1. Could you please find all residues in the range 17-41 being free of Cβ contacts under 8 Å to residues at least 60 places away in the same chain, closer than 23 Å to ILE81 by Cα and open to solvent by 10 Å² or more (accessible area, probe 1.4 Å)?
2. Quick test of your reading of the structure: ILE91 fulfils all but one of (1) of a type in the set (A, V, I, L, M); (2) at pLDDT below 85; (3) in contact with an Asp or Glu (Cβ under 9 Å, 6 or more places away or on another chain). Name the failing condition by number.
3. Within the range 147-159, does at least one residue satisfy the condition of being modelled with pLDDT of 60 or more and over 24 Å from GLN21 (Cβ atoms)?
4. Output the residue which, of all residues in the range 77-98 that are among the β-branched types (Val, Ile, Thr) and farther than 18 Å from ARG221 by Cβ, is least open to solvent (accessible area, probe 1.4 Å).
5. Consider the range 51-74. How many of its residues are at pLDDT below 90, open to solvent by 10 Å² or more (accessible area, probe 1.4 Å) and part of a helix (DSSP H, G or I)?
6. Take ASP9 and decide whether it is modelled with pLDDT under 95 and either farther than 21 Å from ARG127 by Cα or surrounded by 14 or more Cβ atoms within 10 Å (Cβ to Cβ) (or both).
7. Among ARG181, ARG234, ARG142, which is assigned to a helix (DSSP H, G or I), closer than 30 Å to ILE74 by Cα and either at pLDDT 85 or above or open to solvent by 70 Å² or more (accessible area, probe 1.4 Å) (or both)?
8. Look through the range 184-230, keep the residues that are at pLDDT below 85 and not in a helix (DSSP H, G or I), and return whichever of them is most open to solvent (accessible area, probe 1.4 Å).
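The values are calculated or read from the model by the stated rules, or taken from the named source; none is laboratory data. A quick note: this is a predicted structure, and the numbers were derived from the prediction, not measured. Note that each Cβ is placed from the backbone with ideal geometry, even for glycine, and that neighbours are counted across all protein chains shown. Just so you know, the surface numbers come from the protein's heavy atoms only, side chains and all, with ligands and any DNA or RNA stripped out. Shrake-Rupley method; radii C 1.70, N 1.55, O 1.52, S 1.80 Å.
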Amino acid sequence: MTDPEAEADPAPISVLIVDDQDLVRLGLAMVVGAEPGLRVAGEAADGRAAIEQARRLRPDVILMDVRMPRQDGIETTRQLIAELPDSRVIILTTFDLDEYAFGGLHAGASGFLLKDSTKIEIINGIRAVASGEACVSPRITRRMLDLFGSQFPGAAEAVRAERVRQLEDLGELEQLTGRERDVLLAVARGLSNQEIADELQISESTIKTHVGRILLKLGFRDRVQAVVWAHQNRLLD
């Protein structure tokens, strides 16, 4: 006999939308609400309201604006990740050179999207971070990291000091196998697990295993840290 629970659809990905502009929230809610497998859990117009909503709703993914009244998105992200580590945050920004938005990555965000992203980019970003990947678009990764070394308000030096204590002429790379290095470079280019699998002609599940081992060996919290580290150390140059 077929187990009815085995055939039940998985729970939809719940999304909390945080932005101080009504029209932006409305537009994002329409995009998310129209997509099968996603649902709008709630909305908030500022950072403090976002924390209250997130505590109550426990969303899978939070779309987080940066510049908001009462409390900005970076500090809100920092608090939410500390309190609700299972919730994934995607930073929303108007400009691809917004250094304050990039600071959200250091606060624990899993990536960021431009507010003029296409519907597909938004949906794919939500699904990616909900599955444990990062939402780091190749078209803005390089610009983000060009700013990384000098324009984050205090963040770059803190991260660099932390990594320098652990690095010795990139000796950490010796811990990785040849295939893991290939995967790390692909992650640094902003590719998803499926895109890496297609490029290296191996299964997506194998890529997930490699990524997990890379993060463990190098001591990174997530793929975003791996991307930043790879570019800081000029692995793609």
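1. ASP20, ARG25, ALA29, ARG39, VAL40, ALA41
2. For ILE91, the failing item is (2).
3. So the first thing to find is which residues in the range 147-159 are modelled with pLDDT of 60 or more, and the list is none.
Scanning the range 147-159 turns up no residue that is modelled with pLDDT of 60 or more and over 24 Å from GLN21 (Cβ atoms).
4. Step one: list which residues in the range 77-98 are among the β-branched types (Val, Ile, Thr), which gives 77, 81, 89-91, 93-94.
In the following step, the residues that additionally are farther than 18 Å from ARG221 by Cβ were identified as 93-94.
Values: THR93: 3, THR94: 81 Å².
Per the criteria, the residue is THR93.
5. 1
6. Working: modelled with pLDDT under 95: yes; either farther than 21 Å from ARG127 by Cα or surrounded by 14 or more Cβ atoms within 10 Å (Cβ to Cβ) (or both): no.
When the stated conditions are applied, ASP9 does not pass them.
7. Details: ARG181 fails: closer than 30 Å to ILE74 by Cα; ARG234 fails: assigned to a helix (DSSP H, G or I).
Criteria check complete, one pass: ARG142.
8. ARG221
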